[in-house]
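To start, the structure under review is shown below, and the notes come after it.
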Amino acid sequence: MTPWLGLLVLLGSWSLGDWGAEACTCSPSHPQDAFCNSDIVIRAKVVGKKLVKEGPFGTLVYTIKQMKMYRGFTKMPHVQYIHTEASESLCGLKLEVNKYQYLLTGRVYDGKMYTGLCNFVERWDQLTLSQRKGLNYRYHLGCNCKIKPCYYLPCFVTSKNECLWTDMLSNFGYPGYQSKHYACIRQKGGYCSWYRGWASPDKSIINATDP
């Protein structure tokens with residue numbers, strides 16, 4: 001068993017494309033949570049891949065060209081390889097070689113970066129402007145906040161550091177408006193609230209239910 005199998009229970013997020021094969025089940029996660037809970041967050045292009053005999057179905061090792069690092073400077077300042085299960089049923093991730101730039105998140109084990117379908121992985125050109133700004137600085141500002149999923153009504157925030165995440169109600173579990181355009185940021189008095197990014201955060205207005 002590779003270290004990635006143990007990782008699946010630690011970090012759930014939306015994957016690239018669909019949800020993957022039958023046995024791979026992931027809990028939805030806002031991109032900010034994926035950012036804050038990852039050891040490594042980078043923008044990179046895949047330039048090669050190989051299959052190594054590690055784990056029940058082998059491990060895919062992607063060679064990447066790192067464009068920018070957003071998180072993980074102390075863990076692994078430069079990433080050259082990323083590891084994932086070869087089988088999609090074990091949440092292995094399939095990436096195109098020499099085609100796209102990707103936003104990649106993952107964990108570090110024994111000096112190696114591991115990722116998969118349950119991590120937040122997306123083509124860079126598919127990210128919204130708000131998500132890109134979130135990666136640069138907004139998500140980091142909200143790592144002490146808690147994004148609380150709402151799966152059915154009624155649902156409420158129960159502490160001042162929570163933002164209510166309602167994408168599951170309107171988008172059936174897939175990334176919605178809050179995921180694409182909002183960050184949960186700490187405001188005046190320690191309260192956390194959703195921030196669109198159209199203007200500087202208002203330190204005098206607290207709205208934990210917006211949008």
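Bear in mind these aren't lab numbers, they're just calculated from the coordinates by the rules spelled out. Just so we're clear, the structure is a prediction, and the values are computed from it rather than from any experiment. When we count neighbours, we look across all protein chains shown, and the Cβ atoms used for this are built from the backbone with ideal geometry, even at glycine.
Counting only other residues whose beta carbon sits under 13 Å from that of Asp39, what net charge do I get with K and R as +1, D and E as -1? Write out the running numbers ahead of the final one.
Working: positive: Arg71, Lys75, Arg107, Lys112; negative: Asp110.
So the surrounding residues net to +3.
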Counting other Cβ atoms within 10 Å, which trypsin sites (Lys or Arg not before Pro) in segment 70-110 have at most 16 and lie in a DSSP loop? Lys75, Lys94, Lys99
Cβ-defined net charge surrounding Val108, 9 Å radius [Lys, Arg +1; Asp, Glu -1]: +1
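Counting only C-alpha contacts under 8 Å and six or more residues apart, can you give the relative contact order of segment 27-127 as a whole percent?
Values: 220 pairs, mean separation 30.7, N = 101.
Relative contact order for segment 27-127 comes out at 30 percent.
Of Lys45/Lys148; Lys49/Lys146; Lys50/Lys133; Lys50/Lys99, which ones are farther than 27 Å apart at the Cα?
Values: Lys45/Lys148 32 Å; Lys49/Lys146 36 Å; Lys50/Lys133 33 Å; Lys50/Lys99 17 Å.
Listed pairs above 27 Å: Lys45/Lys148; Lys49/Lys146; Lys50/Lys133.
Shape call for segment 27-127 from the C-alpha gyration tensor, a ≥ b ≥ c root eigenvalues: rounded (a/c under 1.5), prolate (a/b greater than b/c) or oblate?
rounded
What is the calculated FRET efficiency for Glu96 to Tyr152, with r their C-beta to C-beta distance and R₀ = 41 Å, to the nearest 0.05?
Details: r = 37 Å, r/R0 = 0.90.
FRET efficiency, Glu96 to Tyr152: 0.65.
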Counting Lys +1, Arg +1, Asp -1, Glu -1, what net charge surrounds Gly58 among other residues with beta carbon under 12 Å of its beta carbon? +1
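For a quick check of your reading of the filter: which chymotrypsin sites (Phe, Trp or Tyr not before Pro) in segment 131-183 sit in a DSSP loop and have no more than 15 other Cβ atoms within 10 Å?
Working: sites: Tyr137, Tyr139, Tyr151, Tyr152, Phe156, Trp165, Phe172, Tyr177, Tyr182; in loops: Tyr151, Tyr152, Phe156, Phe172, Tyr182.
Sites meeting the loop and neighbour criteria: Tyr151, Tyr152, Phe156, Phe172.
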